[in-house]
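A quick write-up on the structure given underneath.
What follows is calculated from the coordinates using simple rules that are stated; it is not laboratory data. A quick note: this is a predicted structure, and the numbers were derived from the prediction, not measured. Note that each Cβ is placed from the backbone with ideal geometry, even for glycine, and that neighbours are counted across all protein chains shown.
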Amino acid sequence: MGRLTAEEIVELSKRYTLFDWQAQAKVAPIAVDHAEGIYFWGTDGTRYIDFNSQLMGVNIGHGDRRVIEAIQRQADRLPYISPFMAYEERALLGQKLAELFPGDIEKSFFSLGGAECNENAIKIARMVTGRHKILARYRSYHGATTGTMSLTGDPRRWPNEPALVGVVHVLDPYHGPERGSDDAATALALLEETIQLEGPGTIAGFILETVTGTNGILIPPDGYIQGVREICDRYGILMIADEIMCGFGRTGEWFAVNHWNVVPDLICTAKGITSSYAPLGALGMRPHVAEYFEDNVFWGGLTYNSHPISVAAALATIGVLEEDGLVENARKMGDVMARHHVELKEKHPSVGAVRNIGLFGILELVKNARNEPMSPFNVTNETMGAINRFLLDNGLFTMVRWWNVMTNPPLCITEQQLGEGFEIIDRALDIADRAYEG
């Protein structure tokens, strides 16, 4: 039997499988054959630059043999064992994460992915504090389970409501292209006002993406993360850092909180921990949180937690990040990306704002001098759709969402490869300029 054609792959996949986050009649997936480094290839032979690391997770790049062979070795020796068991790779990964995590975070709980990690963080916060409310921000995404979708502030939450009881959303420092961002003091005052109105003694935790991902690569103003830490300490609220996208080198530090020298009570990681080669989440906790479970049962766990294949992939991925200096490369290439961003903003009137921290970046497109977004909130209009089609037709894959174009390539990218990607984006922006109203 011969291999399926691209058309057959797409037809059968659409007929027999359900695709995420889309009306199925509009699904138009790329049939992918293989991937290596910063590229992946369609079954028709088309090469794409992966300028979003798929879902901001393929941090070491595609097809690294060191991780693939670690997965193979693990599959040969111990492909699965119950999470009630201990084995060498689990012990070594826990030890390694204690070395890498910020401050005194030492103990980890291994889940199957980011959403489960966040789910367990809110369960732990409630158990440890004896309180029930969880604060989260509106411009956030924390996962698609019932609990994490309730934490999510963005419009993906709306069709999934009614939500989990006890979640309270607060305003972010950022307010959109037209208004920009508050300074840290203003944002913190709004946060503290919400805490007072909700009752500090009712709030177990505050979960926040240290640097917000799909809702705009929102980099907090200086002093904000430190201020959140101080407010949480003052009111006995656990600070939960969601670093599922921004962790493991993406921002040019091992973890984004390191930019502000803050240690959260709980840190949630996934994606980059295995470079998305296998599903794994790691929830790190400080000693005062972990100690609660010395004499109290942790009421949580799933069959595939601490899965040996995924744990082996994580150990190998961390090894690649260290051996190849990819965290440092993200910092260095982040400076190069910033220069490309500025050049595009100076050249194209439709580029209203640019942001990046390491290789976590975005272009905000606007339709006039008042910085009205090129596409409305929660809508990707025809102009943005045309930009996305141009990028794909010219061999670049990234996330185009609402008025934003993401720039989040693998951390192994070179200066020449960055230039190749931005040259395609430069040409695509001519479409946005034609829609610019002046």
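The Stokes-Einstein estimate for region 66-323, based on a Kirkwood radius over Cα pairs and taken at 4 °C with 1.567 mPa s viscosity, is a diffusion coefficient of 70 µm²/s. Subtracting the Cα-Cα distance of Thr414 and Glu322 from 0.36 nm times their residue separation leaves 31.4 nm of extension gain. Classify region 301-438 as rounded, prolate or oblate from the Cα gyration tensor: take a ≥ b ≥ c as the square roots of its eigenvalues, call it rounded if a/c is under 1.5, otherwise prolate when a/b beats b/c and oblate if not. Prolate.
Helix content alone sets the calculated 222 nm mean residue ellipticity of the chain: runs of n ≥ 4 DSSP H residues at -39500 (n - 2.57) each, divided across all residues, give -12000 deg cm²/dmol.
Modelled this way, with points 7 Å down the Cα-to-C-beta line, the labels at Ile81 and Asp222 are 5.0 nm from one another. When each of the peptides 27-34, 240-247 is scored by how many other beta carbons lie within 10 Å of its residues on average, the order from highest to lowest is 240-247, 27-34. Using 0.36 nm per residue and subtracting the Cα-Cα separation, the extra length available between Phe298 and Gln196 on full extension is 33.7 nm. Within the chain, Cys232, Cys246, Cys412 have no other Cys Cβ under 4.7 Å of their Cβ and so lack a disulfide-compatible partner by this rule.
Note on Glu382 and Glu423: with the Förster distance fixed at 22 Å, the Cβ-Cβ geometry gives a FRET efficiency of about 0.35.
If you run the Gaussian network model on the chain, springs between alpha carbon atoms under 10 Å, then out of Thr186, Thr194, Thr414 the most flexible one is Thr186.
For the pair Val168 and Gln24, a Förster radius of 30 Å applied to the C-beta separation gives a FRET efficiency near 0.30, rounded to the nearest 0.05. Computed over the chain with a Gaussian network model linking Cα atoms closer than 10 Å, the most mobile of Thr210, Thr380, Thr269 is Thr380. Under 20 Å from a label point set 7 Å out along the Cα-to-Cβ vector of Asp233, the amide N atoms of region 184-206 belong to 184-193, 195-196, 200-201, 203-206.
Classified by the C-alpha gyration tensor, region 60-148 has a prolate form. Its axis ratio a/c, with a ≥ b ≥ c, is 1.5 or above, and a/b is larger than b/c. Cα-Cα over 25 Å: which of Lys14/Lys123; Lys133/Lys271; Lys96/Lys271; Lys347/Lys367; Lys26/Lys271? Lys14/Lys123; Lys133/Lys271; Lys26/Lys271, as the Cα separations exceed 25 Å there.
Answer rounded, prolate or oblate for region 172-249, using the Cα gyration tensor with square roots of eigenvalues a ≥ b ≥ c: rounded when a/c is under 1.5, else prolate when a/b is larger than b/c, else oblate. Verdict is oblate for region 172-249.
Between Glu88 and Glu291, the contour length at 0.36 nm per residue exceeds the Cα-Cα span by 70.7 nm. The protection proxy used here, the mean number of other Cβ atoms lying within 10 Å of each residue, ranks peptides 400-412, 171-183 as follows, highest first: 400-412, 171-183. Between the alpha-carbon centers of region 200-258 and region 381-420, tell me the distance in whole angstrom. Using only Cα atoms to place each centre, the spacing works out to 27 Å.
Listed values for region 144-154 are Karplus-derived 3J(HN,Hα) couplings in whole Hz (6.51 cos²θ - 1.76 cosθ + 1.60, θ = phi - 60°), namely 10, 6, 4, x, 6, 5, 5, 5, 4, x, 6, and x replaces Gly and Pro. For Asp182, the residues whose amide H sits under 5 Å from its own are Tyr174, His175, ignoring neighbours fewer than 5 places away on the same chain, with H placed 1.01 Å from N.
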